[in-house]
Amino acid sequence: MIRNDIKSLAAYHVQDCKGLIKLDAMENPFALPEGLRQSWAEYVAASEINRYPDSDMLELRQAIAEHEGVEANQVLLGNGSDEIIQMLLIACEPGTCVVPSPTFVMYNLISRWLKRPVANVELLKDFSLSADTFLQVCAREKASIAFLACPNNPTGNLWSQETVEKIAKNFKGLLIIDEAYAPFSSRSHTSLIESNTVILRTFSKIGWAGLRLGYLLGTPEIIAHLNKVRMPYNINVLTQASAKFLLQHSDLFRKQAEVICKQRKVLSKSLSAIAQLEVFPSETNFLLVRVPDATATFAALKAKGILIKSMHGQHPLLAQCLRITIGTSEENQSVIQAFKEIFE
Ligand SMILES: Cc1ncc(COP(=O)(O)O)c(C=O)c1O
């Protein structure tokens, strides 16, 4: 009954985090301030959960459009950006999907669910991407779709503007520039929106991971077509109400992102001072760190109550690498202390 290729897949694994400092999933570590939590609860309580959600979501799309300086008909909403990746891979012409490697796993995984071939373009040793190689692979494969995570997960770096612009200018298929980490990055690419270039964003990393809300920015034409493969009520009433409410407080989340960027500097500097560690530059809310033995360090950190993600074994470029989400100042101090105890 079940396809053999699906049988051979491993289910997406989420680590048990009970009782641990949770730094494994690139979440914002700050809870909603108490006063705001109260007003949010009152706002959401007015939702009509006996009714299906608003399927068109014009009001919410308008609020996001205003935020991004585009029109409401240039915004598509998804149940997390993961769902939008799925819509893109469903709607795009059959043909190869080209992705850098290593990158965010869902591009590859969802392509496989949909029986779409994937071609990987290996990153260089410093995690940079050759635009020429990427474009050569796209041409060789006659690719219809390609993803560029800018900044990239799990490497944390942002490819040069020249690289991204060259690919956007020359790729003939649909290019998705995934800006999940834009709030922590020095550059955004909304100016590259074109008939075949779209920008993917999410609210997950700025503090709303539990709501599951992502959005795509593109031309009105492409957004209208993608809407045809969107599940009619994909964003539930509680998420819609919460997002409308929280967007009125976007300053708070922008300031929290600034704090996270400052904390990234603190954590990076302190870990770099430990001789056995190699800390890679990051434009995201996480750090990629190479240690002498990732499995042993992961276990040692867990024993000290800290949950991170080991990337070892996922790709040769990620050998002995750990991915650590930036936490609160206290959480980061616990991480620094734990690393010192392990290595000094
Ligand atoms: C590059 C990238 N894109 C998309 C996502 C998915 O985000 P969402 O929570 O909106 O599905 C992630 C999550 O880690 C990511 O790293």
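The values are calculated or read from the model by the stated rules, or taken from the named source; none is laboratory data. Note that the structure is predicted; figures quoted are calculated from it, not measured. Here the Cβ positions follow ideal geometry from the backbone for every residue, glycine too, while neighbour counts run over all protein chains shown.
Quickly run through region 290-332 and pick out the residues that are part of a loop (DSSP other than H, G, I, E, B) and either surrounded by 14 or more Cβ atoms within 10 Å (Cβ to Cβ) or free of Cβ contacts under 8 Å to residues at least 24 places away in the same chain (or both). Even if it seems obvious, please write down each step before you answer.
First, pick out the residues of region 290-332 that are part of a loop (DSSP other than H, G, I, E, B): 291-293, 304-305, 308, 311-315, 319-320, 326-328.
Passing the criteria: VAL291, LYS304, ILE308, MET311, HIS312, GLY313, GLN314, HIS315, GLN320, ILE326, GLY327, THR328.
For region 177-199, which residues satisfy the criterion of being over 12 Å from PRO151 (Cα atoms) and in contact with a helix residue (DSSP H, G or I) (Cβ under 6 Å, 6 or more places away or on another chain)?
From region 177-199, those over 12 Å from PRO151 (Cα atoms) are 190-199; that's our starting set.
Listed by number, the residues that qualify are LEU192, THR197, ILE199.
So GLU258 fits all but one of (1) within 20 Å of the chain's Cα centre (by Cα); (2) crowded, with 16+ Cβ neighbours inside 10 Å; what number is the exception?
Condition not satisfied by GLU258: (2).
Return yes when VAL75 is more than 14 Å from the ligand (Cβ to nearest atom), in the same structural domain as HIS189 (by TED's automatic domain parsing), without any contact (Cβ under 8 Å) to a residue 24 or more places away in the chain and β-branched (Val, Ile, Thr) and no when it is not. Show your work before the answer.
Numbers: more than 14 Å from the ligand (Cβ to nearest atom): yes; in the same structural domain as HIS189 (by TED's automatic domain parsing): yes; without any contact (Cβ under 8 Å) to a residue 24 or more places away in the chain: no; β-branched (Val, Ile, Thr): yes.
Against the criterion (more than 14 Å from the ligand (Cβ to nearest atom), in the same structural domain as HIS189 (by TED's automatic domain parsing), without any contact (Cβ under 8 Å) to a residue 24 or more places away in the chain and β-branched (Val, Ile, Thr)), VAL75 does not qualify.
I'd like to check something: does region 28-37 contain any residue that is closer than 21 Å to ASN153 by Cβ, in contact with a strand residue (DSSP E or B) (Cβ under 6 Å, 6 or more places away or on another chain) and within 16 Å of the ligand (Cβ to nearest atom)?
no
Where residues in region 168-221 are in a loop (DSSP other than H, G, I, E, B) and hydroxyl-bearing (Ser, Thr, Tyr), which of them is nearest to ARG61 (Cα to Cα)? If you could, list the steps in order and put the result at the bottom.
Step one: filter region 168-221 for residues in a loop (DSSP other than H, G, I, E, B), giving 171-173, 179-181, 185-189, 193, 195-196, 203, 207-208, 212-213, 218-219.
This time we only want the ones that are hydroxyl-bearing (Ser, Thr, Tyr), so: 181, 185-186, 188, 195, 219.
On the way: TYR181: 20, SER185: 23, SER186: 25, SER188: 20, SER195: 20, THR219: 14 Å.
Once the filter is applied, the top-ranked residue is THR219.
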